[in-house]
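Engineer: Take a look at this one; I'll ask things after.
A short reminder: the numbers here are calculations on the coordinates, not readings from a lab. These figures come from a predicted structure and were not determined experimentally. Positions of Cβ are generated from backbone atoms using ideal geometry, with glycine treated the same way; all protein chains shown enter the neighbour counts.
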Amino acid sequence: MPTPLRQLSGRVWIHPGDPDPDAVMPCVAVVADDAGSTVIDAGQSPGHARLVQSAMAGAGLPAARRLVYTHHHWDHTWGACAWEVEEIVGHQTGAELLAAESRRPWSHEYMEREMAADPRLGPSFRARARAMPTWDDFVVRPPTRTFTDGLTLPGGVEVRHVGGGHAPDSTVVAVPDPGVMLLGDCFYPPPFHLREPGPAGEEIDLPLITALVAEGFDWYVDSHSPPWRPPSP
């Protein structure tokens, strides 16, 4: 049975991620709109994307009209090839990085060679292999619509670049009505294979998350934790 969507608040729905950290399966958000839903992040594989699509149909939500990438990392973008949408929205830096990723010869054999050359890639590449039982029809899809600072999409969905240590293209998506901010991984430490040695390399970006929480949204959703509310003043 597909995992059901959870209606978080108003027109914002959440497809929960896998709580197993080794799975590296983030949540996917849906902003429902009669003109076509906006899906925040594509899923970590075509199979993950199809789970979200099935859950959207089961909840009676309009089909996806667009995808928005919170950043270019594989677990947020590799499902894109399974979506039929009018546009994929992402930061310009992420578009350049994904264009480079699209030229790599992705396969289990390729990842084995890469891990042998750099064992620090192991956690990421083993999770990718687990997510991709087949590479049939798989392609990495860069954004088709890019921005540098931010833009507002139909339905009042606000897309804003925040950057940070986790990814240079980290983006948050705000839905003022009904008061939800989707954070992606923006305040997380860098991926394991890019971290500096020592505890400092594992710290969250406290100033960034503090500033975002100060904006006073009712709900905040990062990609690998349950949705949460800021503490009351």
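Engineer: Using a/c under 1.5 as the rounded threshold, could you call segment 97-142 rounded, prolate or oblate? The axes a ≥ b ≥ c are square roots of the C-alpha gyration tensor eigenvalues, and prolate needs a/b larger than b/c, oblate otherwise. Present the calculation step by step, with values, prior to reporting the outcome.
Structural biologist: Values: a/c = 1.91, a/b = 1.33, b/c = 1.43.
Note, shape of segment 97-142 comes out oblate.
Engineer: Need the full-extension length gain, Arg6 to Phe192, defined as separation in residues times 0.36 nm minus the C-alpha distance. One decimal, nm. Could you put the intermediate results ahead of the total?
Structural biologist: Numbers: separation 186, 0.36 × 186 = 66.96 nm, distance 3.02 nm.
Gain on extension, Arg6 to Phe192, equals 63.9 nm.
Engineer: With both bridge residues required to lie in segment 1-141, what share of the DSSP beta bridges run antiparallel, to the nearest 5%? Display every interim value, and only then the final one.
Structural biologist: Working: 10 of 17 bridges.
If we restrict to bridges inside segment 1-141, about 60 percent are antiparallel.
Engineer: Report the FRET efficiency, 1/(1 + (r/R0)^6), for Asp34 and Ser232, where r is their Cβ-Cβ distance and R0 is 45 Å, rounded to 0.05. Don't skip to the answer; put the middle values down first.
Structural biologist: On the way: r = 34 Å, r/R0 = 0.76.
Taking R0 as 45 Å, the efficiency between Asp34 and Ser232 is 0.85.
Engineer: Rg and Dmax of segment 63-172 over Cα atoms: what are they, in angstrom?
Structural biologist: When restricted to the Cα atoms of segment 63-172, Rg and Dmax are 14.9, 47 Å.
Engineer: Using the Kirkwood formula on the Cα atoms of segment 122-233, what hydrodynamic radius do you get, in angstrom to one decimal?
Structural biologist: Numbers: mean 1/r = 0.0618 Å⁻¹.
This gives a value of 16.2 Å.
Engineer: Using only the Cα atoms of segment 32-81, build the gyration tensor, take square roots of its eigenvalues as a ≥ b ≥ c, and label the shape rounded, prolate or oblate: rounded if a/c is under 1.5, else prolate if a/b is larger than b/c, else oblate.
Structural biologist: Details: a/c = 2.95, a/b = 1.49, b/c = 1.98.
Because a/c hits 1.5 or more and a/b fails to exceed b/c, segment 32-81 counts as oblate.
Engineer: Which residue, Gly184, Gly216, Gly79, has the most motion in a Gaussian network model of the chain that connects Cα atoms within less than 10 Å?
Structural biologist: For the chain, modelled as a Gaussian network with Cα springs under 10 Å, the answer is Gly216.
Engineer: Rounded to the nearest 0.05, what FRET efficiency do Asp136 and Gln92 have when you use their Cβ-Cβ distance and R0 = 35 Å?
Structural biologist: Values: r = 30 Å, r/R0 = 0.87.
After rounding to 0.05, the efficiency reads 0.70.
Engineer: So, by mean Cβ neighbours within 10 angstrom, what's the order for 39-48, 162-171 with the highest one leading?
Structural biologist: Values: 39-48: 25.8, 162-171: 22.0.
Highest-to-lowest ranking by the protection proxy: 39-48, 162-171.
Engineer: Ordered by residue, what ³J(HN,Hα) values in Hz, to whole numbers, does segment 174-182 give under the Karplus form 6.51 cos²θ - 1.76 cosθ + 1.60, where θ = phi - 60° and Gly and Pro are x?
Structural biologist: Residue by residue, segment 174-182 yields 9, 10, x, 10, x, x, 10, 10, 9 Hz.
Engineer: What translational diffusion coefficient, to the nearest whole µm²/s, does the chain have by Stokes-Einstein, given a Kirkwood radius computed over alpha-carbon pairs, a temperature of 25 °C and 0.890 mPa s viscosity?
Structural biologist: On the way: Rh = 17.9 Å.
This corresponds to a translational diffusion coefficient of 137 µm²/s.
Engineer: Any idea what the alpha-carbon Rg over 2.2 N^0.38 Å comes to for segment 7-106?
Structural biologist: Working: Rg = 13.3 Å, N = 100, 2.2 N^0.38 = 12.7 Å.
That ratio works out to 1.05.
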